Every structure is written in C-alpha cells, then in structure tokens.
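Worksheet: the structure to be examined is printed underneath.
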Amino acid sequence: MKQKPTKKPAIANYSSGPCAKHPGWSLQALKGYSAGRSHRSDIGKKKLKEAGETVRNLLNIPSNYKIGLFAGSDTGAFECAMWSLLGPRTVDVLVCESFSKDWATDVITQLKIKSNVYDAPYGQMPDLKKVNWDNDVVFVWNGTTSGVKMPNGDWIPDNRKGLALCDATSAIFAMDIPWNKIDVLTFSWQKCLGGEGGHGMMVISPRAVERLESYTPPWPMPKIFRMKKDGKLNEDIFSGSPINTPSMLCVEDWLEALEWAKQQGGLKGLMKISNDNLATVDKWISSNNRFAFLAETPEIRSNTSVCLKVVDTKFTSLSPEEQKATAKKIANILASEGVAYDINSYKAAPTGFRLWCGPTVVKEDLRLSLEWLEWAYEQIIGQ
Ligand SMILES: Cc1ncc(COP(=O)(O)O)c(C=O)c1O
C-alpha cells in the first residue's frame, strides 16, 4: 500500500475555469484599479485599449485583425459571432465534447441554419478531412471536457470560401494559433492566464469584417450582439469601448495577468509551462498502470485540460454509477486534504479525472498532487 504522502502542493487548484491564479497573485497587485471611475473615462478607455493591444502583442495577432471585449464570457463572444456572421452559407460544425455540442445546438435549433455536424466520441477528433470549406466552419481548438485539441491548422485552407469560427477559450496562451487560418476566435479571461469570468474577447479577420458589413441576418439582434453601426463594423467596440459596462476590477486583474504572462517569456514561455505540465502527467501515467489519457493519440492530447480515464479493472468492472461515486469519493478526499481541488471529470464526459495544466499551474505542485491521487485511489479501491 502506498504511504500517505507528506508533502502538499503550494497551490492545489486544478479547475478548468475559473482556472488557478498565477503563482504570486494577490489582491494587492490590483492597486492600480481606478475604483468608481467610468469605463468611458480617459483612464478607463486607456486600460481597455491596453487589454486588447497587449493581447495582440503577446499572441502575435496580425495588425489587420480586430480585438474586442464582449459581455457573457467566451459564450457571449462566440454566440455574438455566430449570431452576427452565420446564415449565408451552410455551416459545418465539429463536435468533440460538450461545448462544441452546444454550438451545434445553436446552429441547428436556434439559428436553424442548414448544417453538417461531424461528431466524434470523447477522446477523439472528428475527421477533419470531411470539412467542406465552401461552408462556414464552427469548431473548438481545444475540447475542455474531453482533453483533445486540434493537431494543427493544416486542415484549414488559405483559400477557403467559408469563415473559420474558432472557440479557443481553453487553448489560447498555451497553444500556437495560426492566425491566417482563423476568421473569428474567442476566449474568456478565466482560463489560461487565470483571469476572471464574465468577459470574452473576440478576434476577427478582415474577411469576417467583410461578411459582417455585407450581410444582415434575418433574425432580431439584441443590443449586446450588435457589432454594426450604420451598416459598418462599429470600430469603437474594437478600440477600447465595449458595447456595455465591463468590470473594471476584472480589467485590472487581466492587465496584471498579462504582465505576468510577459514575465514568463510571452507565448513561448507559457506554452513551455503547459507542455512541461503535460509531460509531468505523462511520466506519472507511465509509472502506474491505472490511469490513461482520455485523448487517444498524442497529436490531439491537450496540454491544458488534461483528462484522465481509469483503466484499472478493479475500477472498470464497477457499474457506471459506482464508478462515478468512487471517482467522486477520491476527489473529495483530495479536496479535504487540500491537495487537489475540482478534479472531477465533466458531468457529461466519461468518468475519470480532469486536471487543468495550463500556464498558471506549477509543475512541482502537479507532481505532488498526482502522488496524492495515487494514494487516495488506493484508499478507496485498494491496492
Ligand atoms: C470550449 C469551451 N467553450 C465555451 C466555454 C464557456 O466559457 P464561458 O463560461 O467563459 O462562457 C468553455 C468553458 O469551460 C469551454 O471550455
């Protein structure tokens, strides 16, 4: 029987959103917060503009792409894009987990657009060769609830007729995005840099702007989604003046997170942290024969939302309900010991564990938490 570990991780937060704050974060770091000042004041606008432009520099976003802030977190930004741009072409939707499934539902049952859905079971990616690029294409770059990611952008042609709409909320700042393959990309602050929820960013290409200005959807558009003014892109939204009021406290927190990201060596440094974290899990899996990655092949294995399944027959021989209850018990032990929080797999995903391994997670903490996971597993299942 494995001895109870003695050392605990300094930070034990593995939620896939809101994700761990970066090491060293404290409320004191937000002292530049201009409490009670308007987001339309000079100082407010300056901070909002900086929030976008620092993202551009960190992520190497081309200068002709626009970056805006939207309400409703990643969901708000992505649905704003879908509601504003989709309609004139058939839509191909790639589904690899629950959020991409939600986007398919939006296209089919809410927008009622002619569509093709390419669905893959948990742990796999749909066949990317099936996509018809005469159509608009909706996809996630990283499936947060299944732990699979896009292998690369090679499957997206440069001369596509349709638009590529990408929800990259759990990929951005940990994976390289080929911007020339993307027309719309959205993400929330709450993921890789450990910012706050509620705020979504949208990056749009010149082709997306062209679509926006040349097409008016037949459905009503609530104010919160209206990106056009007098038939043209409302440039204000993309230069520090969002449609409605953001939390300036969250903006301050985001600016602080971006500063931390710069100190890590920018995108390269952040990707290295995530890749090293994934390697730590990989090494741990190789050293025991009880767990495996849910993602079936290394090319599609996420380095942020790392999903594990249990392959031990003592566990797999249990009924699905017993498996769920057992995994919950293990996660509860770890939480009560203060050594790993929020590691249950997503409710609709296969039973197992999910550990966020993005850039704010510290490798040594992760290594210690995994030791604890092995110990807790033995406490519940036996050796
Ligand atoms: C791929 C994906 N899309 C959308 C969302 C929804 O994000 P939010 O709650 O920031 O709107 C999540 C949240 O985890 C996600 O992982």
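Considering only segment 173-197, how many residues are part of a loop (DSSP other than H, G, I, E, B), open to solvent by 10 Å² or more (accessible area, probe 1.4 Å) and either within 13 Å of Leu59 (Cβ to Cβ) or away from the ligand (no atom under 13 Å from the Cβ) (or both)?
Of the residues in that region, 3 qualify.
The set of residues from segment 116-143 being over 10 Å from Leu94 (Cβ atoms), open to solvent by 10 Å² or more (accessible area, probe 1.4 Å) and under 22 Å from the mean Cα position of the chain (by Cα) comprises Pro121, Tyr122, Gln124. Scanning segment 199-229 for residues being buried (at least 16 other Cβ atoms within 10 Å of the Cβ) and within 16 Å of the ligand (Cβ to nearest atom) gives a total of 6.
Inspect all residues belonging to segment 309-318 and state whether any of them is closer than 18 Å to Val361 by Cβ and surrounded by 21 or more Cβ atoms within 10 Å (Cβ to Cβ). Before the answer, list the steps.
Applying the first criterion (closer than 18 Å to Val361 by Cβ) to segment 309-318 yields none.
Checked segment 309-318: no residue is closer than 18 Å to Val361 by Cβ and surrounded by 21 or more Cβ atoms within 10 Å (Cβ to Cβ).
In segment 59-115, the residue that is nearest to the chain's Cα centre (by Cα) out of those that are aromatic (Phe, Trp, Tyr), open to solvent by less than 30 Å² (accessible area, probe 1.4 Å) and under 25 Å from Met125 (Cα atoms) is Phe78.
Per-residue answers, yes or no, for (1) out of contact with any helix residue (DSSP H, G or I) (no Cβ under 8 Å at 6 or more places or on another chain); (2) over 18 Å from Ser305 (Cβ atoms):
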site	(1), (2)
Ser100	yes, no
Tyr118	no, yes
Tyr122	yes, no
Lys129	yes, yes
Asp134	yes, yes
Val138	no, yes
Lys149	no, no
Gly153	no, yes
Thr169	no, no
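Exactly one residue out of Val306, Val361, Val281 is touching a helix residue (DSSP H, G or I) at 6+ places or on another chain (Cβ under 8 Å), assigned to a loop (DSSP other than H, G, I, E, B) and open to solvent by less than 50 Å² (accessible area, probe 1.4 Å): that is Val361.
Across segment 284-303, the qualifying residues are those that are assigned to a strand (DSSP E or B) and within 22 Å of Ala20 (Cα to Cα), and the one among them that is most open to solvent (accessible area, probe 1.4 Å) is Arg301. Against the conditions (1) in contact with a strand residue (DSSP E or B) (Cβ under 7 Å, 6 or more places away or on another chain); (2) part of a helix (DSSP H, G or I); (3) in contact (Cβ under 8 Å) with a residue 12 or more places away in the chain; (4) more than 16 Å from the ligand (Cβ to nearest atom), Asp74 satisfies every one except (4).
When segment 144-172 is limited to residues that are within 29 Å of Ile224 (Cα to Cα) and of a type in the set (A, V, I, L, M), the one that is farthest from the ligand (Cβ to nearest atom) turns out to be Leu163. Based on this model, can you work out whether Cys80 counts as among the hydrophobic types (A, V, I, L, M, F, W, C), within 30 Å of His39 (Cα to Cα) and touching a strand residue (DSSP E or B) at 6+ places or on another chain (Cβ under 9 Å)? Considered against the rule, which asks whether it is among the hydrophobic types (A, V, I, L, M, F, W, C), within 30 Å of His39 (Cα to Cα) and touching a strand residue (DSSP E or B) at 6+ places or on another chain (Cβ under 9 Å), Cys80 comes out as yes. Quick check, is Gly269 assigned to a helix (DSSP H, G or I) and either more than 16 Å from the ligand (Cβ to nearest atom) or on the phi > 0 side of the Ramachandran plot (or both)? Answer is yes for this residue.
The set of residues in segment 19-67 being aromatic (Phe, Trp, Tyr) and either touching a strand residue (DSSP E or B) at 6+ places or on another chain (Cβ under 7 Å) or at pLDDT 95 or above (or both) consists of Trp25, Tyr65. Scan segment 318-346 for residues that are among the small types (Gly, Ala, Ser), more than 22 Å from the chain's Cα centre (by Cα) and assigned to a loop (DSSP other than H, G, I, E, B) and the total you get is 2. Based on this model, can you work out whether Thr169 counts as among the polar types (S, T, N, Q) and closer than 22 Å to Gly68 by Cβ? So Thr169 passes the test. Note on segment 97-118: residues that are of a type outside the set (Ser, Thr, Tyr) and more than 14 Å from the ligand (Cβ to nearest atom) total 9. Tell me yes or no: at least one residue of segment 119-134 is hydroxyl-bearing (Ser, Thr, Tyr), assigned to a loop (DSSP other than H, G, I, E, B) and within 16 Å of the ligand (Cβ to nearest atom). Checking segment 119-134: at least one residue is hydroxyl-bearing (Ser, Thr, Tyr), assigned to a loop (DSSP other than H, G, I, E, B) and within 16 Å of the ligand (Cβ to nearest atom). Scanning segment 1-34 for residues that are touching a residue at least 60 places away in the same chain (Cβ under 8 Å) and loosely packed, with under 12 Cβ neighbours inside 10 Å, we see that the one that is farthest from Leu373 (Cα to Cα) is Gly32.
The values are calculated or read from the model by the stated rules, or taken from the named source; none is laboratory data. Please read these numbers as outputs of a predicted model, since none were measured by experiment. Virtual Cβ from ideal backbone geometry, glycine too; neighbours counted across all protein chains shown. In case anyone asks, the SASA skips ligands and DNA or RNA and just uses the protein heavy atoms, side chains included. Shrake-Rupley method; radii C 1.70, N 1.55, O 1.52, S 1.80 Å.
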